[in-house]
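Participant: Here it is, the structure in full.
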Amino acid sequence: MSDKLAIVGGGPVGLYLAIKLAKQGHDVSLFEKSNWPIDKVCGQGIMPSGVELLQDIGFNFSRENSYEFDGVEYIDRDLIVKARLETSGRGISRNELSKELFNITKNYSNIGLFPNTRISNIKLEERKYSIEFDSKYHSYDYIFACDGLNSNLRKLLNNESNRLINNRVGARVHFNMPPWSKYVQVFWNSGVEAYVTPVSHEKIEIAFLWFDDKIQKGNKLDEKLFKLFPKLCNKLDFDKIEKDFKGHSFFKYYSDSIHVMNVFFIGDAYKFLDGITGEGISLGMKTASLIANNYHNFKLKHKIKIHLLYLNYSIWVYLALLLSKHSTLRRLIFKFLNKFNWPFKKILKLNDLKI
C-alpha cells in the first residue's frame, strides 16, 4: 500500500527525495515556493558519493551540463596541497542540476508538482501534522521538510536552535571561460576562501566564503573579494565574467531533531555545517536516501547513522574553519601536507563516505 507523502522544498535534495519515493511506488506531492529551475548561491562541486547517488536515479551527466574533476587542490600563496579522488566528482551549475532533476520527476505520474506554492501553516490532527496551502489544510501520512537554510517548517514547529560558530557569508559568480584545471581549487586568505569549480567545458564558478567580520559591507563587494586573491585573478579573464554575482546571508540555525512526529527534516533544513568542504548536496542526498528507505519504521539506529554521517563531516569542517582563521597554523599544516600527501587524500576519502 502506497503512502501519501508531501515534500516541502524543491531544491536538489527535495527533487532527489521525490524521485526516490516515487520509485518505491508512493504518491508524492512536491511543493516549491518558486519555480524550476532554481538557482542558489552555493559551491557547485559534487563529490563522488553524490555523483553515484544521482546516477542511481537516472541523472545524466554530460559534457554539456557538467565537468568531471579529479581531485581537490588547496592554494595558499606559494603553498599548494592537492590530492586525487579515487573516482571523479562533477562540477555542475545549480541551474543545470535543478533542471535535470526536475525533468526526471516529470517521468513519474505519481509525483505531483506544485510550483509557486507556499506552505503557510501546519497543525496537529489525530497524532500527525497537516499542512496548509490554498487556504485549506491537507493531510499526509508523512511530510518531508527540504526547505533549506531558513526552513519555514522548522520555525513553525519550533524545532530550531542557534548555531554556535561565528557567522559565515557566501557569494558566487560565473565566468564563461574554459577550466584551467581538472581539480576544484580552493584559494585561502585570512578568514576568506575562494573556490574555483569547473561547471562545464566552457564555464567556471568562483564561490567565496568568509567570516562576516572579515569583509567590510557595502558597495563593490565583488571587487573587495577578488582583491584578496591576486594569484586567482591572474588566471581570470574579467571580460568573460557573467552578471550573476550574488551573495548569501548568515547561516544561523539548525534543527533540534531530525523528525517531529510525521515530519522529517532533511538537507539544510536539518543541519548546515559550512560550505567550506563542499559536501552539502551529497550529505543531504545520503540522509534523504536513508530516510526514504526507512521513514515508515524509523528507529534509533537510523538516527545514529545520520548523526554519525554529520559528525564525521563536522570534524573536517571545524578543522578547516580553524585553518581559515589562523594563517600561521594553516601554512604549517600545508607545508606538512605538501611533503606528505597521504593524510590529505585520506581526509578527502573520509569526508566523502558512502552510506
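The values are calculated or read from the model by the stated rules, or taken from the named source; none is laboratory data. Fair warning: this is a prediction, and the values are worked out from it, not measured in the lab. Note: ideal-geometry Cβ built from the backbone for every residue, glycine included; neighbour counts use all protein chains shown. Surface accessibility is based on the protein's heavy atoms, side chains included, excluding ligands, DNA and RNA. Shrake-Rupley method; radii C 1.70, N 1.55, O 1.52, S 1.80 Å.
Participant: Find the Cα radius of gyration of the range 1-61, compare it with 2.2 N^0.38 Å by division, and give the number to two decimals.
Facilitator: Numbers: Rg = 12.8 Å, N = 61, 2.2 N^0.38 = 10.5 Å.
Cα Rg divided by the expected 2.2 N^0.38 Å: 1.22.
Participant: A follow-up question, please. When the chain is fully extended, how far beyond the present Cα-Cα distance does ARG63 get from ILE315, taking 0.36 nm per residue of separation?
Facilitator: 87.3 nm
Participant: Here are some pairs, LYS305/LYS346; LYS243/LYS271; LYS240/LYS349; which of them have Cα atoms lying more than 26 Å apart in this structure?
Facilitator: On the way: LYS305/LYS346 21 Å; LYS243/LYS271 31 Å; LYS240/LYS349 34 Å.
Table pairs above 26 Å Cα-Cα are LYS243/LYS271; LYS240/LYS349.
Participant: Any idea what the relative contact order of the range 12-160 is, in percent, if you count C-alpha pairs under 8 Å spaced at least 6 apart?
Facilitator: After rounding, I find 30 percent.
Participant: What ³J(HN,Hα) values, in whole Hz, does the Karplus curve 6.51 cos²θ - 1.76 cosθ + 1.60 give for the range 103-120 when θ = phi - 60°, with x put for Gly and Pro?
Facilitator: Ordered by residue, 3J(HN,Hα) equals 5, 5, 4, 5, 7, 10, 5, 8, 10, x, 9, 10, x, 6, 10, 9, 8, 8 Hz.
Participant: Related question: For the range 1-99, what does the accessible surface come to per residue with a 1.4 Å probe? Please give it in Å².
Facilitator: I get 38 Å² per residue for the range 1-99.
Participant: Percent of accessible area on the range 57-197 owned by carbon and sulfur, 1.4 Å probe?
Facilitator: For the range 57-197, the apolar C and S fraction of the accessible surface comes to 41 percent.
Participant: How large, in percent, is the carbon and sulfur part of the accessible surface of the range 226-334 at a probe radius of 1.4 Å?
Facilitator: Carbon-and-sulfur percentage of accessible area, whole number: 59.
Participant: Take the Cα pairs of the range 179-271, get the Kirkwood Rh, then feed it into Stokes-Einstein at 37 °C and 0.692 mPa s and tell me D in µm²/s.
Facilitator: 208
Participant: Roughly what % antiparallel, to the nearest 5, for the DSSP beta bridges in the chain?
Facilitator: The answer is about 70 percent antiparallel.
Participant: Sort LYS227, LYS335, LYS271 from largest to smallest accessible area, using a 1.4 Å probe on the heavy atoms of the protein chains.
Facilitator: LYS227, LYS335, LYS271
Participant: Here's something else I'd like to know. Can you give the Rg/Rh ratio of the range 13-147, where Rg is from the C-alpha atoms and Rh is the Kirkwood radius?
Facilitator: When Rh is taken as the Kirkwood radius, the ratio is 1.08.
Participant: Here's another thing I want to ask about it. Counting only residues 5 or more places away or on other chains, whose amide H sits under 5 Å from the amide H of ASN262 once H atoms are built in the peptide plane?
Facilitator: Amide H to amide H, under 5 Å and 5 or more residues apart or across chains, ASN262 pairs with TYR129.
Participant: While we're on this one: For the range 217-274, with every protein chain kept in place, what is the accessible area per residue (1.4 Å probe, Å²)?
Facilitator: 55
Participant: Express the accessible area of the range 125-193 per residue in Å², computed with a 1.4 Å probe while the remaining protein chains stay in the model.
Facilitator: Accessible area per residue, the range 125-193: 43 Å².
Participant: Counting only residues 5 or more places away or on other chains, whose amide H sits under 5 Å from the amide H of SER2 once H atoms are built in the peptide plane?
Facilitator: Here nothing satisfies the definition.
Participant: A further question follows. For GLU160, enumerate residues with amide H under 5 Å from its amide H, sequence gap 5+ or separate chain, H modeled in the peptide plane.
Facilitator: Counting only residues 5 or more places away or on other chains, the set is ASP256.
Participant: While we're here: Between ASN293, VAL196, GLY91, whose Cα lies farthest towards the positive end of the dipole of the chain when Lys and Arg beta carbons carry +1 and Asp and Glu beta carbons carry -1, centred on the Cα centre?
Facilitator: Positive-end residue among those listed: VAL196.
Participant: Let me ask you something else. Assuming 0.36 nm per residue, please report the length gained on full extension of the stretch LYS182 to ASP3 beyond their Cα-Cα distance.
Facilitator: 60.1 nm
Participant: Looking at TYR310, ILE266, VAL81, which one has the Cα that reaches farthest to the positive end of the dipole of the chain (charges on Cβ: Lys, Arg +1; Asp, Glu -1)?
Facilitator: The listed residue farthest towards the positive side: VAL81.
Participant: Now a separate question. Would you work out the relative contact order for the chain, in percent, from Cα pairs under 8 angstrom that are 6 or more residues apart?
Facilitator: 23
Participant: Among rounded, prolate and oblate, which fits the range 73-226 when a ≥ b ≥ c are the square roots of the eigenvalues of its C-alpha gyration tensor, a/c under 1.5 means rounded, and a/b larger than b/c means prolate?
Facilitator: prolate
Participant: Residues of the range 252-286 with the amide nitrogen closer than 13 Å to a label point 7 Å from the Cα of LEU221, along Cα-to-Cβ, please.
Facilitator: Nothing falls inside the zone, counting backbone N under 13 Å.
Participant: For the range 67-132, with the dipole built from +1 on Lys and Arg beta-carbon atoms and -1 on Asp and Glu ones, taken about the Cα centre, which of PRO115, PHE102, GLY71 lies farthest toward the positive end?
Facilitator: So the residue we want is PRO115.
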